[in-house]
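The values are calculated or read from the model by the stated rules, or taken from the named source; none is laboratory data. Since this is a predicted model, take the numbers as computed values, not measurements. Neighbour counts run over all protein chains shown; Cβ positions are idealised from the backbone, glycine included. Surface areas here come from the heavy atoms of the whole protein model, side chains and all, with no ligands, DNA or RNA. Shrake-Rupley method; radii C 1.70, N 1.55, O 1.52, S 1.80 Å.
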Amino acid sequence: MQDANANYTMQLGGDIAWRVESDRTEQQSSVIAATPEGYDPFTIVSAMTYLKKNPLAIMGPSIAKKTIDGFLEGVCENYKCADISTRSYEDIGDRKAWVAITKLNLQQYEKLGVPEAVMIATVSPEGYMQLFSLHTAEGKAADLKPLLIDAIKTIKSTNP
């Protein structure tokens, strides 16, 4: 997956022929990958970067932790997440991130058959807030969580 707006690449694994698209809307850049038709379980991976730098997110560990947690909570309001109280603050490669597995209460995800999600909120080294999410069938998110974490570990900057 390549995000030319946020200047990074990320490699999805799982021996799957992912279909990838990217989009930019105002200050948000998104890259979305989906498993091919007929793949079970159908899975969508989304990487969203808010292209406005957040200086609080790079001030220091405790402030960054609170800022990223607030970001996850705000995003989950938009996604209509169920309970995220079991979220954890984890090291993923060279990043610190809030990780939650939750059910989404949005009809569009239910219609697609992907109501469960792994939500990973973090900040890029440049100070951009990022949300990496994996949407899949109910009961499958925990099994697919390592796929998303491994992809985040492959992030490489494309800045010269």
Pairs with Cβ under 8 Å, 6+ apart, first in the stretch 122-144 and within 16 Å of Thr43 (Cβ to Cβ) and touching a residue at least 60 places away in the same chain (Cβ under 8 Å), second open to solvent by 10 Å² or more (accessible area, probe 1.4 Å) and among the basic types (Lys, Arg): Leu134/Lys145
Selected residue (only one of Ala34, Ala17, Ala97 is open to solvent by 30 Å² or more (accessible area, probe 1.4 Å) and of a type in the set (A, V, I, L, M)): Ala17
Selection within the stretch 122-160 - open to solvent by 30 Å² or more (accessible area, probe 1.4 Å) and among the hydroxyl-bearing types (Ser, Thr, Tyr): Tyr128, Thr154, Ser157, Thr158
Checking Lys65 against (1) outside any loop (DSSP other than H, G, I, E, B); (2) of a type outside the set (Gly, Ala, Ser); (3) closer than 23 Å to Glu116 by Cα, the condition it does not meet: (3)
Residues located in the stretch 40-62, provided they are part of a helix (DSSP H, G or I) and without any contact (Cβ under 8 Å) to a residue 60 or more places away in the chain: Leu56, Pro61, Ser62
Residue within the stretch 74-85 that is out of contact with any helix residue (DSSP H, G or I) (no Cβ under 6 Å at 6 or more places or on another chain) and within 18 Å of Thr154 (Cα to Cα) present: no
Sole residue being more than 15 Å from the chain's Cα centre (by Cα), within 15 Å of Leu134 (Cα to Cα) and of a type outside the set (Gly, Ala, Ser), chosen from Glu26, Glu110, Glu116: Glu110
Residues of the stretch 1-39 that turn out to be touching a residue at least 12 places away in the same chain (Cβ under 8 Å) and in a loop (DSSP other than H, G, I, E, B), as a count: 17
Candidate set: the stretch 120-149, residues that are more than 12 Å from the chain's Cα centre (by Cα) and of a type in the set (D, E, K, R); chosen: the one nearest to Tyr79 (Cα to Cα): Glu138
